[in-house]
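Following: one structure in structure tokens, then a few remarks.
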């Protein structure tokens, strides 16, 4: 199992590097070709829009061999990227938009596919940790890859970045082929397990999944809601240059690496719901600390946000993996991704409008939403707390029979060795 854990972390490193490098260069390339900042921004929208189709795209993973489909998606992505070698002027800009859309679709399918494959490649005791390690790997690439991609673009142009980025999904497909699956998922879901409502019903049926996914959705949405306020705090309240945002971005990335490395161990001890509550609370603390007119506090807040967001996300992913029937993991994972990342599409423009009323009020509102959601979870009956502790120990609860678990652990702890995913 350690071999599989290493392969999944390597997959996260390679895919994170390729996608992070190309996502920045795509906007720069469009701007250079067209001179339009509006068109350059649309490249980012093309990447995020497909997440809204997560429940339907995730359903494909329940109707085919998950590993074969994820490998095919990576190879198809490499093919689309190579088409960018024909870009010579503004007339071929549509190919860059096509590649951005391809990245968006691949994110949905690959994220859901990995979520569905991990329980077949790892023991339940390893899921939380491996999810955290993957999160740290992806966040680490967000610090390195954009700079490398922009540097390569400035040196050799967009085609050089295309060749580098296209090589990454090919290598990822090879690593997927090397993963040893200890269990073959059912080829097709049963008749009762098909359809969007069936996947949503499974997601809502277990308290661990519905609560952690809701907490992650609130945290991620509020991170988008506060984006404009964070910019205003730096350039307005603190009177610092825009380049200081790079310092904050790096600080948050460092926090994300730390948060991902320890998330699995915390889930093993306290359960995913408690870790999700802690992550959402930390993001609320980050919002409040940013209101202080003191730049070192803003740096500390960025580190705290970097720790909190991965905790909320890793807790949700691990809960979905351990509380979903095997035949429906693809559909439920896709639905969970849409629930967690879909609201940010609306939260960002709302935050941009709200900041007109003031940067600090916007941050306070975000903190209030996060704290309200955690208080609602904390005020739960004693019986539910006992069920969560039982779930964290890898034992079935009264509402969770062995036959519905992805991997009946028979006494194993939920997570004792590596953990993660993205998108923020």
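Here, each number is a calculation from the coordinates, and none is a lab measurement. Remember, it's a predicted structure, so these values are computed and weren't measured experimentally. Using ideal geometry, Cβ is built from the backbone for each residue, glycine included, and neighbour counts are taken over all protein chains shown.
Each part reduced to its alpha carbon centroid, the stretch 322-384 and the stretch 155-183 end up 32 Å apart.
For each of 219, 352, count neighbouring Cβ atoms within 10 Å of the residue's Cβ, then give the residues from fewest to most.
352, 219
Going by neighbour counts of Cβ atoms within 10 Å, the residues 159, 323 line up, fewest first, as 159, 323.
For the pair the stretch 229-269 / the stretch 55-129, the C-alpha centres are spaced 27 Å from each other. Normalised by the number of residues in the stretch 194-397, the mean separation of alpha-carbon contacts (under 8 Å, six or more apart) gives a relative contact order of 37 percent.
Stretching the chain fully between residue 95 and residue 197 yields a gain of 33.2 nm (0.36 nm per residue, less the alpha carbon separation).
Would you order 348, 307 from fewest to most other beta-carbon atoms within 10 Å of each residue's own beta-carbon? Can you show the working numbers first?
Values: 348 17, 307 23.
Fewest-to-most Cβ neighbours within 10 Å comes out as 348, 307.
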